[in-house]
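Asker: One structure coming up, written as structure tokens, with questions to follow.
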Amino acid sequence: VLLVGGAFSMVTATGAVDGGLHAVVRFAERRPAAKRAVIPLLMVLFSLAGCTFGMSEENLVFILITIPLSRSMGYDAITGVAIPFLGSAAGFAGAAINPFTLGIAQGIAEIPVGSGAGYRWAVWCIFTAVAVLFVMRYTRWLDRNPDRVAPIESDGSDEPDFENSSGSSFGGRHLAVLILFALAIILLMVGSNYLGWYIDEIADLF
């Protein structure tokens, strides 16, 4: 857990995730028709994170990004919190290849680690779809009732301003970081499901 948390902190420290979110927001601003796709896209990404490497507590760092992102689209802080929390929770609950929950459970049940993947992917799709539909239904309600959007209580000095600033630039180094991160996740999935990587083998090293 410490190693995964530390590695993920290193990824976020590069600014790649922040820059990627800014790029998504700027894309939505240039194409208003794509605004409705921003929230489902981000929730699916967070759900994949919960599904693959068990993102849970790590999503706390994204609240400082998703809340102002949500406000820049005319929604409230509840929407900003729901994007990472409900997204990762749906992926974690319906995890298809999370070695920290699925691997332990299947090891205790004495069944092959990684078995039944087809069923679990179906469950993940259902859980993620329900979470996305729930949040999108709430945003549609806010669109019909803009007066229900809670006012900003803080001065916003500690939040990134997506409306009045260009935000973090997204360059080639950021793209390389995200590609390496994706490859690491793929390696984790392959290793835990096909190469016999498991907590027992790591424990034997000590």
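Please treat every number below as a calculation from the coordinates, not as lab data. Since we're looking at a predicted model, the values are computed, not measured. Because the Cβ atoms are built from the backbone with ideal geometry, glycine has one as well, and the counts that use them run over all protein chains shown.
Asker: What list of ³J(HN,Hα) values in whole Hz, one per residue of the stretch 73-89 in order, does the Karplus curve 6.51 cos²θ - 1.76 cosθ + 1.60 (θ = phi - 60°) give from phi, with Gly and Pro shown as x?
Answerer: So the J values, rounded to whole Hz, are 8, x, 10, 9, 5, 4, 4, x, 6, 5, 4, x, 6, 5, x, 5, 5.
Asker: Run a plain Debye calculation on the stretch 1-147 (Cα atoms as equal point scatterers, no solvent) and give log10 I(q)/I(0) at q = 0.09 Å⁻¹, rounded to two decimals, same order as the q list.
Answerer: -0.31
Asker: Could I ask something else about it? As an exercise, use a Förster radius of 25 Å and the Cβ-Cβ distance of LYS35 and SER115 to find the FRET efficiency, rounded to the nearest 0.05.
Answerer: Given R0 = 25 Å and the Cβ-Cβ separation, E is 0.05.
Asker: Just the Cα atoms of the stretch 44-125: what Rg and Dmax do they give in Å?
Answerer: 14.8, 50
Asker: At 0.36 nm per residue, and after removing the present C-alpha to C-alpha distance, how many nm does the segment from ALA13 to MET136 gain when stretched out fully? Can you show the working numbers first?
Answerer: Details: separation 123, 0.36 × 123 = 44.28 nm, distance 3.01 nm.
Net length gain for the segment: 41.3 nm.
Asker: For VAL190 and ILE63, FRET efficiency with R0 = 25 Å and r from the beta-carbon atoms, rounded to 0.05?
Answerer: Once the sixth-power term is evaluated, E becomes 0.20.
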